[in-house]
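The values are calculated or read from the model by the stated rules, or taken from the named source; none is laboratory data. Model, not experiment: these values are computed from the prediction. Note that we place each Cβ from the backbone using ideal geometry, even for glycine, and neighbour counts take in every protein chain shown. Side chains included, ligands, DNA and RNA excluded: accessible areas come from the protein's heavy atoms. Shrake-Rupley method; radii C 1.70, N 1.55, O 1.52, S 1.80 Å.
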Amino acid sequence: YFVQELAHVLGNEPDPVFVAHHAAYLAATLPIVCSPRGWAMVSLATLLAEVTNPLQLSWELARAFGCEQVYDALSPLFTFGFAVCRGVLMPLAMGDIAVSIFGRDGGARAPPAMRFAYGVFFVGIGASGVW
């Protein structure tokens, strides 16, 4: 998904921040995906991050084209969905990934590259919430 979206962005709307976001996401998730259960954790985190996109795009287009009634109707739905997915469910998924990588006792079970990748992933998820 992210490879396809990065290719689309590079070909159609090369925004440096968006390109950096996608490149960092790919670099951060690759080591996690290659770990046991990593594919499931990254898939869940990506699903939670992207599930609100159709509603967000509709909301943004309604605002851009001056459809105030549609925008006003979508605003509470989008805000609630985004807050639940990225503010509640995503941190729970990130916690599961952390337990898998670092262990319950805080001892690092994963190689340093994977721990670094998790840090990049964690910062990226936090930045997406701010964005």
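For the reader, a short list of remarks on this structure follows.
- Residue within segment 66-74 that is under 19 Å from Phe121 (Cα atoms) and open to solvent by less than 80 Å² (accessible area, probe 1.4 Å) present: no
- Within segment 1-37, the residues that satisfy the criterion of being in a helix (DSSP H, G or I), open to solvent by 80 Å² or more (accessible area, probe 1.4 Å) and either farther than 14 Å from Val120 by Cβ or β-branched (Val, Ile, Thr) (or both) are Val3, Gln4, His8, Leu10, Asn12, Pro16, Val17.
- Output for segment 38-63, where each listed residue is at pLDDT below 90, in a helix (DSSP H, G or I) and either surrounded by fewer than 13 Cβ atoms within 10 Å (Cβ to Cβ) or of a type in the set (Ser, Thr, Tyr) (or both): Ser43, Thr46, Asn53, Pro54, Leu57
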